Amino acid sequence: MQIEQIILSLQPNRKSYMRVFNNFNAIKETLTSINEEEATIGFVPTMGALHEGHLSLIKTAYAENDYVIVSIFINPTQFNNREDFDAYPRTVDQDLKLLEQFDNNVLTFIPLVEDIYPNGIVSQHFDYGGIENQMEGKFRPGHFDGVGTVLTSFFTLLKPNNAYFGEKDFQQLQIVKKLVQIQKFDVNIIGCPILREASGLAMSSRNKRLSDSQLQESRLIFKVLKYVKEHFGTKNDNELLQEVQNAFKNNSELTLEYFEIADESTLRPLQKIENNKKYRAFIAAFAGEVRLIDNIALN
Ligand code: AMP
């Protein structure tokens, strides 16, 4: 008996599936069998160039579901900037190697553009109740329409029970929760903590594009966030904003795009601290052409 069959015989409820599916037709039959088993599916959407941050989402999904589907798809409609889309790291071979550490219950789905956009590459427009107009929405027009469109396709095709998103993209996490309400998808949205490099820099596929000196200087982002957390509630927010702006002005590699302290649920900028509310500080900054974002819970 082959090892895989032995393992399967010990886990009679789990079938073995081929791991990588290059289009929706290929995964369809497997989805049908999984549904017949009444097994649960955890979904982890990614744009590839996988790192430990992605892997932590997959591990959480694996612990909480019978099967996990990891998608790799660089979604054109969520890029408001063609150069950023073109320069986005594409490392599928490496990604598949990394995913080999998981067993056959972790399925990789690499859809075709036609699977996700059968009627051409256009975004649907969503009214997320205003959260789409803050921060990322303000600086990346159309971005959250693209996110809503691609996830609408994925949720409709794959029908996962649970879907996992990183708090690294905290505004996106809130947008996805809203999308699920609007579209009435039967899926739980689960937020996962931010994984960081030893330097404190939030892990990101875009970090692969940084030069050594940009990488070195990018640690400022988390340093500043930690400073703001330390002084939140004691220094007033204008003073903090000034200090953050100065820290970036004095940095040779980074340009601040925005710094904001916002209410976690509305994502509106802080007016006055209220006891029963949760706040986060958010930063977007450029290191050369590379746009980096990060955030931290303040209370
Ligand atoms: P991306 O491939 O950048 O679209 O990210 C796919 C998912 O991984 C999103 O839900 C991200 O929020 C999440 N993610 C990316 N970087 C990190 C990180 N450093 N820690 C935790 N989750 C992350």
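Quick notes on this structure:
- Taking 0.36 nm per residue of separation and subtracting the Cα-Cα distance, full extension of the segment from Lys226 to Arg90 would add 45.8 nm.
- Looking at the chain alone, DSSP beta bridges between its own residues are antiparallel in about 50 percent of cases.
- Take every pair of alpha-carbon atoms less than 8 Å apart whose residues are at least six positions apart; their mean separation over the length of the chain yields a relative contact order of 16 percent.
- Extension gain for the segment Asp186 to Asn80, taken as residue separation times 0.36 nm less the Cα-Cα distance, is 35.2 nm to one decimal.
- Selection from Ala26, Val113, Leu55, by position along the positive dipole direction of the chain (Cβ): Leu55
- Burial ranking of peptide ranges 47-54, 117-124 (average Cβ count within 10 Å, highest at the top): 47-54, 117-124
- Taking all Cα pairs closer than 8 Å and separated by 6 or more residues, the relative contact order of the range 205-297 comes to 31 percent.
- Anisotropy class of the chain from Cα gyration tensor, a/c 1.5 cut: prolate
- Given charges at beta-carbon only (K, R positive; D, E negative), |dipole| of the chain in Debye: 480 debye
- The residues of the chain expose, per residue, 50 Å² of accessible area to a 1.4 Å probe.
- Only helical runs count toward this figure. For the chain, summing -39,500 (n - 2.57) over DSSP H runs of n ≥ 4 and dividing by all residues gives -12000 deg cm²/dmol at 222 nm.
- Counting only lysines at least 8 places from Lys28 when in the same chain, those with an alpha carbon closer than 28 Å to its own are Lys15, Lys59, Lys97, Lys159, Lys177, Lys178, Lys184.
- Cα shape, the range 205-297, gyration tensor, a/c 1.5 rule: prolate
- Rounded percent of accessible protein surface that carbon and sulfur make up, the chain, 1.4 Å probe: 49 percent
The values are calculated or read from the model by the stated rules, or taken from the named source; none is laboratory data. Everything quoted here is computed from the prediction, not taken from an experiment. Positions of Cβ are backbone-derived with ideal geometry, glycine not excepted, and every protein chain shown enters the neighbour counts. Just so you know, the surface numbers come from the protein's heavy atoms only, side chains and all, with ligands and any DNA or RNA stripped out. Shrake-Rupley method; radii C 1.70, N 1.55, O 1.52, S 1.80 Å.
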